[in-house]
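Down below is the structure, laid out as C-alpha cells.
The values are calculated or read from the model by the stated rules, or taken from the named source; none is laboratory data. Note that the coordinates shown come from a computational prediction; the quantities given were computed from them, not determined experimentally. Note that each Cβ is placed from the backbone with ideal geometry, even for glycine, and that neighbours are counted across all protein chains shown. Just the protein is used for accessible areas: all its heavy atoms, side chains included, with ligands, DNA and RNA removed. Shrake-Rupley method; radii C 1.70, N 1.55, O 1.52, S 1.80 Å.
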Amino acid sequence: MTLIRPPQPARSRLPARLAGRARAWAGPLSRQFALAVAIAVAPVLVALVVVAWLMVVSGHAAVLVAAIVAAAGILAVVGAKLLADGILGDVEAIRDGLGAVGRGEREVLIATTAHDELAELAVAANAMIAQLRAEEAARDQSDAARRDLVAAVSHDLRTPITSLRLLAEAVGDDIVHGEVRRGYLDRMGTHIDALSALIDDLFELSRLEAGDISWSLEQVPLRELVGETVEAMRVQAEAKGVSVVANVADELRPARANPEKLQRVLFNLIQNAIRHTPADGSVVVRAEPVAAGIEVEVADSGDGISASERDRVFTAFYRGGVDAARSGEGAGLGLAVSRAIVEAHGGRIWLAESEIGTRVRFSLPAADSADHRPTVPARS
C-alpha cells in the first residue's frame, strides 16, 4: 500500500505543524481563508491602534508606525504562506495519488493534513480507488473462471467427439459386423446422450447465472416429489448395490417452488451421491421444517469430501478426489446447476458437517396457503 502525504517544506517543520493545527481547528476551506484574512488584517488594526496612541504621547510616531506596519505585513505574509502551503500540499497529494492510479497502481492511499473539503475529496478518491481495485480483482477472477470453463468444455467435448469419430469410421468402413457393429452403435448413442446432457446443462447454467428465469411457482408437496424421485433412481442405485431411502415427515408444509426444477436438483444430488457411494452403502433423502422454511438433505455413506475441496464442489466443472483428472462419469455441472436453481428459488445450498460420507443440504421457502402459482419474472 502506497501512502501519499503532502510534501513537507525544507525549512523548520514547527511552523508547518502549527499551520496544520490551525487549519484543522478552522475546518472548512472557507473558514481557513477567513482565518488567513484575519491573520493579515488583525496586525494592521493593532498597528493603527498603537499608532493612534503613540501619536498623542510621542513625537517619534512616524518611525515607529513604519516599523509596526512593516512587522504586521511580514507577519501577514508568513501566516498566509503557511496556510497556503498546507492547502497546496493536500492538493498535490490528491493529484499525485490520482496520477499513480492513472499509471496503473492500485494499492494507493491518499492522506491529507486537515479536516476540510480537501480531506473529503481524498476520502472520495480513496473510495473510488478501492472500488476500482475490487472491480479489477473481480474481473480477473471472472476471466480466470472463463478460461477454466473454456478448457473444461473443450475437454468434455473433445473426448466423446473423438470416440464418435473412431466409431463412425469403423462402422462406415464396414470394419465391424453383427454384434460388434450393434455394440459400436450403442456406444455412439451413449456418447451422443452425454453430449446432449452436457449442452443442456451448459445452456441451463448460463441462463440461470444470467438471471434469465421465468418459472411458475406453486405449492409442492415434498413427500410426494421426494418419493417419486427416489423411486426413479432406485434402479440405478440397486445396480450399484446402494440402497436409497426417503425420509419426509407427513406434516411437512409444501414448498414454494417449481416442481420440475426442484426435481432436477434432487436428481442431480441423488445421482451424485450414488456415484460416490460404494456397494452396500446407502443414500438417505430427508426433508424437514425449519424456522426460515424447509431444508432438504441428501446424505450418503461414501468417502466424503476433503476439507480442501469443500469450497469448490459447487463450481462448474470441478470434480475432486479420484475424478480430478476428469476421466470419471459426468461433466461436473450437476452441483453447479443445482446451486443456481436453489438460489433462483431464494434458497441456498451447502455442505453440512458429517462424520461419515457427505451431507448436501439446501433450503427452500415454505408455501403460504394463499399461493396460486405465481411466476418468477425474468431478470436482466
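Would you point out which residue out of Ala137, Ala124, Ala144 is of a type in the set (A, V, I, L, M, F, W, C), open to solvent by 50 Å² or more (accessible area, probe 1.4 Å) and within 30 Å of Glu209 (Cβ to Cβ)? Don't jump to the end; show me each part of the working.
On the way: Ala124 fails: within 30 Å of Glu209 (Cβ to Cβ); Ala144 fails: open to solvent by 50 Å² or more (accessible area, probe 1.4 Å).
Of the residues listed, the single one that is of a type in the set (A, V, I, L, M, F, W, C), open to solvent by 50 Å² or more (accessible area, probe 1.4 Å) and within 30 Å of Glu209 (Cβ to Cβ) is Ala137.
Of all residues in segment 287-299, those that are farther than 9 Å from Phe362 by Cα and open to solvent by 50 Å² or more (accessible area, probe 1.4 Å) have Cβ atoms under 7 Å from Cβ atoms of residues that are hydroxyl-bearing (Ser, Thr, Tyr) and assigned to a strand (DSSP E or B), 6 or more apart or on another chain, in Ala292/Ser363.
Of all residues in segment 193-207, count the ones that are among the basic types (Lys, Arg) and more than 27 Å from the chain's Cα centre (by Cα).
Keep residues of segment 193-207 that are among the basic types (Lys, Arg), which gives 207.
Next, only the ones that are more than 27 Å from the chain's Cα centre (by Cα) stay: none.
Residues that pass the stated criteria total 0.
A search for C-beta distances below 8 Å between a residue of segment 92-107 that is in contact (Cβ under 8 Å) with a residue 12 or more places away in the chain and any residue that is β-branched (Val, Ile, Thr) and surrounded by fewer than 16 Cβ atoms within 10 Å (Cβ to Cβ), counting only pairs 6+ apart in sequence or on different chains, returns Ala100/Thr2; Glu105/Thr2; Glu107/Thr2. Scanning segment 272-286 for residues that are over 22 Å from Leu222 (Cβ atoms) and open to solvent by less than 30 Å² (accessible area, probe 1.4 Å) yields Thr277, Gly281.
In summary, Gly183 fulfils each of the numbered conditions (1) farther than 21 Å from Ala340 by Cβ; (2) open to solvent by 60 Å² or more (accessible area, probe 1.4 Å); (3) small (Gly, Ala, Ser) with the single exception of condition (2).
Checked against (1) over 25 Å from Ala22 (Cα atoms); (2) of a type in the set (A, V, I, L, M, F, W, C); (3) open to solvent by 20 Å² or more (accessible area, probe 1.4 Å), Val101 passes all but condition (3). Within segment 145-203, the set of residues being among the basic types (Lys, Arg) and either part of a loop (DSSP other than H, G, I, E, B) or more than 22 Å from Arg312 (Cα to Cα) (or both) comprises Arg158, Arg165, Arg181, Arg182, Arg187.
Against the definition (open to solvent by 60 Å² or more (accessible area, probe 1.4 Å) and at positive phi), how does Asp200 come out, yes or no? No; evaluated as a whole, the condition is false for this residue. Restricting segment 104-113 to residues that are among the β-branched types (Val, Ile, Thr) and either open to solvent by 70 Å² or more (accessible area, probe 1.4 Å) or part of a loop (DSSP other than H, G, I, E, B) (or both), which is modelled with the highest pLDDT? If we take residues in segment 104-113 being among the β-branched types (Val, Ile, Thr) and either open to solvent by 70 Å² or more (accessible area, probe 1.4 Å) or part of a loop (DSSP other than H, G, I, E, B) (or both), then Thr112 is modelled with the highest pLDDT.
Residues in segment 152-180 that are more than 47 Å from the chain's Cα centre (by Cα) and either exposed (fewer than 11 other Cβ atoms within 10 Å of the Cβ) or touching a residue at least 12 places away in the same chain (Cβ under 8 Å) (or both): Glu169, Ala170, Val171, Gly172, Asp173, Asp174, His177, Gly178, Glu179.
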